[in-house]
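All of the numbers you see were taken from the coordinates with simple rules; none came from a lab. Since we're looking at a predicted model, the values are computed, not measured. All Cβ positions, glycine included, derive from the backbone under ideal geometry; neighbour counts span all protein chains shown.
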Amino acid sequence: MKKTLLATAIIGALGASAAAQAATVYDQDGTKLDVYGRIAMGIAGGGPEFNDEGQEIDKSPEFVDVYSRLGLRMSQEVNSDLTAFGRLEWRFKGDERYTESGFTEIRQSYLGLQSKQYGTVQAGNFDSFYNQFVSLPFDVYIDRGLEFAGHPKQSRGDSIGYYTPDLQGWTAFLQLKHYSERGELEPVREEGNVVAAQGGVRYEQGPVTVALGFVDDVQRGGGNGEMLGGLIGSYAVNDQLSVRLGYEGRENNEDLRLRENGYDKVGVGATYTTGPWAFTGDYYHVSRDGISPEGEENDNSNAWSLGSYYKVSSAFDVFVEVADGDAPSINRDETTLSDLTDNVYWLTGARYHF
């Protein structure tokens, strides 16, 4: 099986692609409109015992919405080479009555032009290009489990991006996000208007995918003002097994007021599919620099995640995920079972895609 077919099998087994279930409501004279979405609910429990401020939090199980959404995908052929497109996606709470509004979030809203010869340019509110092109091989979990930079990283609004067409396996990308001071009362923030850039290259050939990218992790976007970089790849061993390996790092900022430390992360993982089943497993080793928010020197830590997914039908799947973002190191003489399970987060549920 070719790499593209394996990727399709994995995505289908995980139920992660709304495109596979999208309903075309209009398709005429080069103009197309798709409607897609999912209703997802589950039960979650466990997780860290304390929040970032050191306050104890409740960890009891809870019935939760698992990122239900509704979206529109639009396109129109301008000519044989050029296509105009747009996308709009909302989130809603599927687990309970929500009376404030019909939706809780505009998750994506962007438009653009795609040329087979020159590439694609888009603007608005969309997933980070770093996530789409670099960290994507590890982004296989429905909820927690991805320790590399995810889709909101220096993105989600006021962004413009460009990526090339496939150039014999190579794709280059660049995205700019603007943080504006327009309309703010003087004096504005010390840094004023800020543009956060991210970019890189990806190579895909046969079973191999490798990508190298960077993100200007500015403070306005929740970063520490230092550059973040990653080198992440995946390999399709056979029809059923795909493995992945990656590194991501960010320099430490010496300004202790930020409390946003540098880090080095190494991750390794795999996805195995068989029939309607898919299984995922990932492990990260994290080295953090500087001082923690509690004023203590940061230590190395570990993180792991496991997932099991079963497609009841092409539109309905059930799942179980467990993850620990700060797992203790194992010492045969000192580590107990309680130590290993204290901060484990779990989620189980079902999703219907349409």
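For segment 177-248, the dipole from Cβ point charges (+1 on Lys and Arg, -1 on Asp and Glu) about the Cα centre works out to 260 debye, to the nearest 20.
To the nearest 0.05, what FRET efficiency results for ALA123 and LEU185 with a Förster distance of 30 Å applied to their C-beta separation? E(calc), rounded to 0.05, equals 0.60. Between the beta carbons of LEU113 and LEU231, assuming R0 = 35 Å, the FRET efficiency works out to 0.70 to the nearest 0.05. At full extension, ILE57 and THR164 could sit 33.9 nm farther apart than now, given 0.36 nm per residue minus the alpha carbon distance. Computed packing ranks the peptides 64-74, 167-177 as 64-74, 167-177, most packed first, by mean other Cβ atoms within 10 Å. Distance from the C-alpha centroid of segment 89-144 to that of segment 200-214: 21 Å, rounded to the whole angstrom. A Cβ-based charge dipole, computed about the Cα centre of segment 92-154 with Lys and Arg at +1 and Asp and Glu at -1, lands at about 260 debye.
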